[in-house]
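Asker: Provided herewith is a single structure, encoded as structure tokens, for subsequent inquiry.
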Amino acid sequence: MQQINISAIPAQTFNVVLNEQYCTISLYWRQERLYAQQAVGADVVCQGAVCQNRADILQSKSRYFAGTLHFFDLAGDAPPHWEGLHTGADGRFMLLYLEDGEEMPELLRY
């Protein structure tokens with residue numbers, strides 16, 4: 001499991017290495033929802049994925065990406081909002097990467 005550093009801004013693009021996969025992730029706020037795009041190298045993994053609490057951002061398996069990405073609401077059960085995105089004690093919504101076969105931590109389960 002790896003926590004991904006994110007900022008409390010409505011649109012951001014960043015690079016991160018997840019289990020030796022060089023990823024580019026974009027998060028953006030549109031019409032009261034947070035959306036995600038992801039690529040591994042030049043291969044697009046997802047575009048316009050709606051971000052939900054605890055649900056895998058990738059709605060189906062991809063041959064380009066191993067693992068899953070999840071937002072977690074640390075203060076309830078709301079979908080992620082850009083104002084609560086943050087790494088550390090100030091953030092409400094945490095973004096985690098889980099490797100294939102890895103289970104969610106007990107404290108983040110329903």
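The values are calculated or read from the model by the stated rules, or taken from the named source; none is laboratory data. None of these values were measured; they are calculated from a predicted model. Cβ coordinates were reconstructed from backbone atoms using ideal geometry, including for glycine residues, and neighbour counts include every protein chain displayed. Please note that ligands, DNA and RNA were not included when accessible areas were found on the heavy atoms of the full protein model with its side chains. Shrake-Rupley method; radii C 1.70, N 1.55, O 1.52, S 1.80 Å.
Asker: Identify the single condition in (1) part of a loop (DSSP other than H, G, I, E, B); (2) among the aliphatic types (A, V, I, L, M); (3) open to solvent by less than 10 Å² (accessible area, probe 1.4 Å) that L95 does not satisfy, given that it satisfies every other one.
Answerer: Among (1) part of a loop (DSSP other than H, G, I, E, B); (2) among the aliphatic types (A, V, I, L, M); (3) open to solvent by less than 10 Å² (accessible area, probe 1.4 Å), L95 violates only (1).
Asker: Can you pull out the residues in the stretch 31-63 that are open to solvent by 60 Å² or more (accessible area, probe 1.4 Å), assigned to a loop (DSSP other than H, G, I, E, B) and farther than 18 Å from F14 by Cα?
Answerer: Q31, E32, Q52, Q59, S60, K61, R63
Asker: Separate question: Only one of (1) free of Cβ contacts under 8 Å to residues at least 12 places away in the same chain; (2) more than 13 Å from the chain's Cα centre (by Cα) is not met by Q21, so which one is it?
Answerer: Among (1) free of Cβ contacts under 8 Å to residues at least 12 places away in the same chain; (2) more than 13 Å from the chain's Cα centre (by Cα), the lone unmet condition for Q21 is (1).
Asker: Also, I was wondering about something else. So which of I25, I6 is in contact with a strand residue (DSSP E or B) (Cβ under 6 Å, 6 or more places away or on another chain), open to solvent by less than 50 Å² (accessible area, probe 1.4 Å) and in a strand (DSSP E or B)? Break it down stepwise before answering.
Answerer: Numbers: I6 fails: in a strand (DSSP E or B).
Exactly one of I25, I6 is in contact with a strand residue (DSSP E or B) (Cβ under 6 Å, 6 or more places away or on another chain), open to solvent by less than 50 Å² (accessible area, probe 1.4 Å) and in a strand (DSSP E or B), namely I25.
Asker: Can you tell me which residue within the stretch 77-92, out of those that are free of Cβ contacts under 8 Å to residues at least 40 places away in the same chain and open to solvent by less than 50 Å² (accessible area, probe 1.4 Å), is farthest from L34 (Cα to Cα)?
Answerer: G88
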